[in-house]
Amino acid sequence: QLPSYLKILGEKYPIDGTTNVTPAILAKIPLRLHTQKSHPLNTLRCLIESHYPDFTHLSSFSPLVTPYKNFDELSFPPDHPGRAVTDSYYINRGMMLRTHTSAHEVEVFRRGDTKWLLTADVYRRDEIDGSHYPVFHQMEGACIFDANEASMKEVEGDNARLAQQLARSNIIIEDTPHISPSNPPQPTHDPRHSRIVAENLKLSLNTLMLKLFGGVAGASTENPLRVRWIEAYFPFTSPSFEVEVFFQGKWLEILGSGVVRQATLDTANVPGKIGWAFGLGLERIAMILYSIPDIRLFWSTDARFISQFEEGKITTFTPYSKYPSCFKDVSFWSPQNEALHENDFCDLVRDVAGDIVEDVKEIDRFVHPKTERTSLCFRINYRSMDRSLSNDEVNDIQAQVVTRLKDQFGVEIR
Ligand code: PHE
């Protein structure tokens with residue numbers, strides 16, 4: 001018998017047909033890894049904060065927000081896919097777990113902060129593998145200026161100084177135009193102001209990338225840091241950009257950014273301003289800087305993980321032995337014409353097995369021509385990061401997964 005409400009951070013929330021948070025997710029909410037001394041995510045946060053010494057540094061906002069705040073206030077259209085219950089976690093119809101730190105832009109601008117960084121845990125329903133976890137950490141940065149000539153002159157001065165600093169460093173930047181027909185300035189903005197602000201955003205982040213990755217690559221002329229700027233789209237910025245960093249032969253997406261939409265600043269009641277914002281994922285960057293091979297490790301309480309880190313220091317993680325993995329397949333018929341969503345399957349597995357699930361892959365899918373039912377087969381790869389799993393233990397967990405599948409989703413095991 002389930003209670004008709006959930007207790008989260010000391011408050012009661014009634015559940016309804018929209019509720020899809022699982023106990024495994026709720027258990028993460030109080031942990032706030034980005035504030036735990038000597039945790040790599042906390043050290044990385046502090047390192048980024050030190051790049052913006054005159055910004056307000058925020059890190060204690062509750063992850064519970066209204067869908068209005070997470071989406072509508074930021075100009076997301078009513079039919080945006082991120083709103084779906086298959087993509088986001090809902091406490092109930094009126095309350096969800098934030099999917100990004102941008103959810104706090106309006107309230108922080110409204111209280112009068114013009115230069116700020118905000119670090120927080122964010123939640124997204126996703127597949128399971130070594131680099132995806134339904135809870136991760138983001139850092140939002142924003143800076144707004146007076147939209148007048150005197151203030152833009154100052155920004156240009158700042159830009160010249162930052163450009164000089166970059167010219168002396170081992171960094172190669174592949175740029176994209178600050179504004180263009182496909183990445184336009186906003187109608188209410190003087191295009192020249194928009195260009196100056198976009199340039200300031202890029203310069204500020206290029207120097208941040210150099211600070212973060214300059215030791216990994218970019219230490220020498222033979223091995224320069226490579227950063228590229230790509231035109232992007234976000235409902236709450238224009239122009240918009242993504243930043244990628246070249247690491248071990250691959251371009252890695254590091255952050256999203258852009259010139260803040262006027263509507264956001266209007267809602268926040270700050271007239272006469274223009275500025276930029278960015279949002280970056282901390283785990284991705286920390287995995288590179290510390291050589292942490294699996295995203296689950298950030299949640300580990302094993303002394304062999306914890307004891308390797310020291311407050312304020314970036315060191316190379318030495319993996320303790322990799323324990324053997326064990327995979328199990330499950331095939332089933334989805335009920336009627338409705339195929340079970342992969343994210344529903346992943347949340348179920350995560351809830352039963354916790355962090356001993358390393359990845360989940362859909363390995364087969366077909367629709368029966370007569371009954372039109374969908375047959376699905378998933379392969380679950382089990383591996384603990386702390387110990388060897390026994391076959392009996394894995395069989396037992398797999399049996400629980402199968403039982404829950406039948407009970408919760410009414411599937412027919414094949
Ligand atoms: N919130 C966006 C994301 O999570 C990133 C972003 C932040 C983009 C700020 C633009 C401005 O993908």
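Contact map, segment 327-346: residues that are under 13 Å from VAL367 (Cβ atoms) and surrounded by fewer than 16 Cβ atoms within 10 Å (Cβ to Cβ) paired with residues that are modelled with pLDDT under 95 and of a type in the set (Asp, Glu), Cβ distance under 9 Å, separation 6+ or inter-chain. Pairs shown: GLN336/GLU372; ASN337/GLU372. Only one of the listed residues (SER291, SER300) is surrounded by fewer than 19 Cβ atoms within 10 Å (Cβ to Cβ), over 25 Å from TYR123 (Cβ atoms) and either assigned by TED's automatic domain parsing to the domain that holds HIS34 or at pLDDT 95 or above (or both). That residue is SER291.
So for segment 341-354 (the condition being among the polar types (S, T, N, Q) and farther than 30 Å from PRO30 by Cβ), does at least one residue qualify? Looking through segment 341-354, none of the residues is among the polar types (S, T, N, Q) and farther than 30 Å from PRO30 by Cβ. None of ALA142, ALA120 is crowded, with 21+ Cβ neighbours inside 10 Å, over 10 Å from the mean Cα position of the chain (by Cα) and within 14 Å of the ligand (Cβ to nearest atom) except ALA142. Close Cβ contacts (under 9 Å, 6 or more residues apart or on different chains) running from residues in segment 85-105 that are farther than 20 Å from HIS341 by Cα and modelled with pLDDT of 95 or more to residues that are among the aromatic types (Phe, Trp, Tyr) and within 13 Å of the ligand (Cβ to nearest atom) comprise ARG98/TYR123; SER102/PHE234; SER102/PHE236; ALA103/PHE71; GLU105/PHE236. Residue-level check: of (1) touching a helix residue (DSSP H, G or I) at 6+ places or on another chain (Cβ under 6 Å); (2) surrounded by 16 or more Cβ atoms within 10 Å (Cβ to Cβ), TYR320 misses just (2). Give THR22, THR43, THR18 a once-over and let me know the one that is assigned by TED's automatic domain parsing to the domain that holds LEU282 and closer than 23 Å to ILE288 by Cα. None of the other options fit; the residue is THR43. When restricted to residues that are within 14 Å of the ligand (Cβ to nearest atom) and farther than 21 Å from LEU6 by Cα, segment 84-115 contains 9. So, of the residues in segment 238-270 that are assigned to a loop (DSSP other than H, G, I, E, B) and modelled with pLDDT of 95 or more, which turns out to be nearest to the ligand (Cβ to nearest atom)? Checking each candidate, the answer is ARG261. Is it fair to say VAL349 is closer than 18 Å to ARG125 by Cα and buried (at least 18 other Cβ atoms within 10 Å of the Cβ)? Criteria met by VAL349. Here THR35 does not fit the description of being crowded, with 20+ Cβ neighbours inside 10 Å, at pLDDT 95 or above and either more than 23 Å from GLY256 (Cβ to Cβ) or in contact with a strand residue (DSSP E or B) (Cβ under 8 Å, 6 or more places away or on another chain) (or both). Could we say that ASN395 is part of a helix (DSSP H, G or I), within 23 Å of the chain's Cα centre (by Cα) and over 17 Å from TRP299 (Cβ atoms) here? For ASN395, the condition - part of a helix (DSSP H, G or I), within 23 Å of the chain's Cα centre (by Cα) and over 17 Å from TRP299 (Cβ atoms) - is not met. Taking SER307, is it among the hydroxyl-bearing types (Ser, Thr, Tyr), over 11 Å from LEU41 (Cα atoms), surrounded by fewer than 17 Cβ atoms within 10 Å (Cβ to Cβ) and touching a residue at least 12 places away in the same chain (Cβ under 8 Å)? It is false that SER307 is among the hydroxyl-bearing types (Ser, Thr, Tyr), over 11 Å from LEU41 (Cα atoms), surrounded by fewer than 17 Cβ atoms within 10 Å (Cβ to Cβ) and touching a residue at least 12 places away in the same chain (Cβ under 8 Å).
The values are calculated or read from the model by the stated rules, or taken from the named source; none is laboratory data. The model shown is predicted, which means the values in this text are computed figures rather than measured ones. Neighbour counts are summed over all protein chains in view; Cβ atoms, including those assigned to glycine, are modelled from backbone coordinates with ideal geometry.
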